There are 2 protein chains.
Amino acid sequence: MPAEADRTLPFVEEGASTTRCRIVATAERSFREIGYQKTTVADIAKTLKMSPANVYRFFDSKKAINEAVVGGLTREVEALISGIAQAPGLSAAERLSQIITALHSDCLERCRAFPRMHEMIEAAMSESWEVCRTHVERIRAVIARVVAEGVRAGEFSVPDPDLAAACVHAAIVRYCHPVLVSQTPEAPVPPIEAMIAFLLGGLRPAG
Amino acid sequence: MPAEADRTLPFVEEGASTTRCRIVATAERSFREIGYQKTTVADIAKTLKMSPANVYRFFDSKKAINEAVVGGLTREVEALISGIAQAPGLSAAERLSQIITALHSDCLERCRAFPRMHEMIEAAMSESWEVCRTHVERIRAVIARVVAEGVRAGEFSVPDPDLAAACVHAAIVRYCHPVLVSQTPEAPVPPIEAMIAFLLGGLRPAG
């Protein structure tokens, strides 16, 4: 009976979704505490008191679990900066400055709280490029929206706002990429405020 | 007899220096062919038909050998861009553009020819930070010289040429860092020419 099937489906899906969430949360804790390389699917299953076969019903590999963990982190970062992009009462320069500062602080904090995060990110970079690519494109899209608003308001003047936004995004990788931020704490790099001022200088109209 | 000692010393030193060079060249080939992680000091000694103890007379660890290998590569890159910084008949913008293009092309080529290079660089980043720091500072010094020349010539206008140079250098890390360049071949990043134009825009005088 279709009516019966329709009624029970949401409950089945909620159960599966809860199990998925528990697997992802447990994997994230294990990647944080013992590192991505040393964590096995068997460890995750054991912590959850389930069989590895049950974990594999939801994720076909450790790589797939990592994609879910990294996907969760990247969505948090995307939400953080989307909020700033939409906050009322700010100029485009203020928005851009706050977005870059937030990306940098968020990365610094995560690297401090989670010193082995770069292992997980390196695994995603080499095995799950699509997750990284999607994240880069979403962040770039948010920056592009702010740059385009600044151009419309006469605050910025660039021939191609999308390209300028992509340049700004590429230029801050040293401050926002977990692999660089976590591995080079004492690197001789200009303060983020100096970098923001330099980049805003490249966006502002001549004269 | 001091005269005797003085006469033989250069020959002894030349011998030691040749052995050091052979160890470094063999290590570099092994890092290239089988990777930094899988290479052992015993492998290097075996290829050179010497005992591991003899290798340890020259380098006290694999880390020390890696510092010599990475030091050699970084000096090549520094020489490449110092040449451009001193080439006659170029404006500061042309020099800077050629330096950034050279850093990017050199990195791309090395990553193509040496796909495991990032292992060696990651090891240097985590174990031999001084080698990396020195390299970053030398590249930044060359860029700073070109920016300062541009300011003197009225081509650029920035309040602090050293800081602007450090910003330019930090902004191109996405294009010149082996760990990022080798691991993300399909990354959505603007063409280097667009990035150079954007950065030059940040250096040029307003109006």
Distances in nm between the label point of B:SER105 (7 Å along Cα→Cβ) and its equivalents in the other copies, shortest first, are 4.3
Check: in the protein assembly as shown the Lys pairs 8 or more apart or on separate chains whose Cα atoms fall under 29 Å apart number 21
For label points placed 7 Å from Cα toward Cβ, what is the shortest-first list of nm distances from A:GLU78 to its copies? 4.3
At B:ASN54, label 7 Å along Cα→Cβ: distances to the other copies, nm, ascending? 6.1
Gyration tensor over alpha-carbon atoms, the protein assembly as shown, equivalent ellipsoid semi-axes in Å: 42, 36, 15
Scattering curve values for segment B:61-207, log₁₀ I(q)/I(0), Debye with Cα scatterers, q = 0.14, 0.19 Å⁻¹: -0.68, -1.15
Over what distance in Å are the Cα centres of segment B:144-203 and segment A:117-166 separated? 18 Å
Any idea what the dipole of chain B comes to, in debye rounded to 20, about its Cα centre with Lys/Arg Cβ at +1 and Asp/Glu Cβ at -1? 420 debye
Grab the DSSP H runs of chain A that are 4 residues or longer, score each as -39,500 (n - 2.57), total them, divide by all residues and round the 222 nm result to the nearest 500 deg cm²/dmol. -25500 deg cm²/dmol
Over the Cα atoms of segment A:63-146, each weighted equally, I'd like the Debye log10 I(q)/I(0) at q = 0.12, 0.13, 0.21, 0.23 Å⁻¹, rounded to two decimals. -0.38, -0.44, -1.00, -1.12
Using a 10 angstrom cutoff on alpha carbons, build the Gaussian network for chain A and name the most mobile of A:ALA164, A:ALA45, A:ALA113. A:ALA113
What does the charge dipole of the protein assembly as shown about its Cα centre add up to, to the nearest 20 debye, if the Cβ of each Lys and Arg holds +1 and the Cβ of each Asp and Glu holds -1? 740 debye
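Bear in mind these aren't lab numbers, they're just calculated from the coordinates by the rules spelled out. Fair warning: this is a prediction, and the values are worked out from it, not measured in the lab. In this analysis, Cβ positions are derived from the backbone assuming ideal geometry, glycine residues included, and neighbour counts consider all displayed protein chains.
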